[in-house]
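Enquirer: Just passing along the structure, written as structure tokens.
Values in this text are rule-based calculations from the coordinates and carry no lab data. Owing to the predicted nature of the structure, the values given are computational and were not obtained by experimental measurement. Cβ placement follows ideal geometry from the backbone for every residue including glycine, while neighbour counts extend to all protein chains displayed.
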Amino acid sequence: MAEPPDPGPGGPDPSAGHRVDLLVRDFDLGTLVAVRHEVEQCSERHGLSGLALYRFIVAVNEITTNAVRHGGGTGRLRLWRTDGRICCEVTDRGPGMPASSADHRPVPPESSGGRGLWLARHGVRRFTVRTGTGGTSVTLEAI
Amino acid sequence: MDAVSVNTVPGGALHVVLRGEIDFTNSAWVRKVICDAVAEQRPPAVRVEMAEVAFLDSSGIGMLVDVMRAAGEADAAFRVEHPTSRVYDQLRTAGLLAAFGLP
């Protein structure tokens with residue numbers, strides 16, 4: 001899938017509340033890492049850096065990995081910029097997140113799993129989940 | 001360069017060096033390499049060098065917790081050393097600094 005063209009001068013002005021699409025990718029286990037690298041490069045090109053960039057990439061990666069592991073094995077990622085902020089939506093067609101995923105308590109240190117959503121939620125400004133039997137959609141807004 | 005190498009240092013401690021990106025696609029293999037070495041060598045201490053780790057995800061963190069538990073079962077001390085400031089921030093968010101022997 002080709003990257004949407006950069007609107008360039010005269011294109012939509014992100015400061016005016018327009019959404020500028022940066023990247024759309026379908027992914028599965030085989031492309032998880034490559035898509036993460038693309039999201040990182042694209043986000044960096046559009047102004048994210050340092051700890052904010054790292055936390056965002058960690059968060060996006062947790063959600064794409066969840067889609068591969070628990071959401072039917074594949075998903076679609078969209079990255080865009082709006083009002084100067086970088087946002088990402090990850091959608092899958094899996095069975096939906098279990099109710100326990102709404103539990104926001106920290107994971108005890110001796111537990112080997114269960115930290116993905118905690119890390120994702122704590123790495124971004126806004127974290128929105130829509131989930132049901134037809135799939136899950138998570139939207140992340142970078143700090 | 002492999003994502004993990006394991007060496008025994010004078011005194012018998014196991015010195016684990018992690019590199020690059022540790023994520024869902026390689027963390028199970030990394031866990032096996034380290035836990036096998038702990039089980040075989042029964043070292044008095046396990047030190048995990050993290051300076052060259054550029055990216056870590058929750059399955060990589062889970063792998064470190066499993067190594068910590070394997071070290072505990074072998075009565076070995078466990079410590080994570082020299083994470084980058086980004087990975088340090090992540091381990092703080094995960095609530096693991098004290099468990100991993102980090103200040």
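Enquirer: Which whole-Hz couplings ³J(HN,Hα) result when phi for each residue of the stretch A:109-116 is put into the Karplus expression 6.51 cos²θ - 1.76 cosθ + 1.60, θ = phi - 60°, listed in order with x for Gly and Pro?
Expert: Coupling constants for the stretch A:109-116: x, 8, 7, 7, x, x, 9, x Hz.
Enquirer: Note down the net charge around A:Gly114, summing +1 for each Lys or Arg and -1 for each Asp or Glu among other residues with Cβ under 11 Å from its Cβ.
Expert: Charge balance near A:Gly114 sits at +1.
Enquirer: From Cα pairs below 8 angstrom and at least 6 apart in sequence, can you work out the relative contact order of the stretch B:4-93, rounded to a whole percent?
Expert: Answer for the stretch B:4-93 is 32 percent.
Enquirer: Please state the charge dipole magnitude for the protein assembly as shown, taken about the Cα centre, from unit charges on C-beta atoms (+1 on K and R, -1 on D and E), reported in debye and rounded to the nearest 20.
Expert: Charge dipole of the protein assembly as shown: 560 debye, to the nearest 20.
Enquirer: Now, a different point. Taking the Cβ-Cβ separation of B:Arg69 and A:Asp21 as r and a Förster radius of 45 Å, what is the calculated FRET efficiency to the nearest 0.05?
Expert: 0.55
Enquirer: Exactly which GluC sites (Glu not before Pro) in the stretch A:51-143 are in a DSSP loop and have at most 13 other Cβ atoms within 10 Å?
Expert: On the way: sites: A:Glu62, A:Glu89, A:Glu110, A:Glu141; in loops: A:Glu110.
Sites meeting the loop and neighbour criteria: A:Glu110.
Enquirer: Then there's this: Using helices alone, I'd like the mean residue ellipticity at 222 nm for the protein assembly as shown: each DSSP H run of four-plus residues gives -39500 (n - 2.57), total over residue count, nearest 500.
Expert: -10500 deg cm²/dmol
Enquirer: At A:Glu110 and B:Leu97, where each label point lies 7 Å from the Cα along Cα→Cβ, what is the point-to-point distance in nanometres?
Expert: 2.3
Enquirer: If you don't mind, another one. Would you work out the relative contact order for the stretch A:23-143, in percent, from Cα pairs under 8 angstrom that are 6 or more residues apart?
Expert: 29
Enquirer: Determine the dipole magnitude for chain B: charges of +1 sit on the beta-carbon of Lys and Arg, -1 on that of Asp and Glu, nothing else is charged, the reference point is the Cα centre, and the result goes in debye to the nearest 20. Walk me through the numbers before you get to the answer.
Expert: Values: 9 positive and 13 negative charges, 38 e Å.
Taking the Cα centre of chain B as origin, the dipole is about 180 debye.
Enquirer: Taking the 0 to 90 degree range and rounding to the nearest ten, how far is the long axis of helix A:50-70 tilted relative to the main principal axis of chain A, both from C-alpha atoms?
Expert: Here the helix axis deviates by roughly 60 degrees.
Enquirer: Sum up the charges of everything whose Cβ sits under 10 Å from the Cβ of A:Asn61, counting Lys and Arg as +1 and Asp and Glu as -1, but leave A:Asn61 out.
Expert: Details: positive: A:Arg36; negative: A:Glu40, A:Glu62, B:Glu21, B:Asp23, B:Asp57.
Residues close to A:Asn61 contribute a combined charge of -4.
Enquirer: Tell me the net charge near A:Ser137. Cut-off is 13 Å between Cβ atoms, A:Ser137 excluded, with +1 for each Lys or Arg and -1 for each Asp or Glu.
Expert: Overall, the nearby charge balance is +2.
Enquirer: Determine ³J(HN,Hα), in whole Hz, for all residues of the stretch A:30-43 in sequence, where each value follows from phi through the Karplus function 6.51 cos²θ - 1.76 cosθ + 1.60 and θ = phi - 60°; x replaces Gly and Pro.
Expert: Working through the residues one at a time gives x, 10, 3, 6, 4, 5, 4, 4, 5, 5, 5, 5, 5, 5 Hz.
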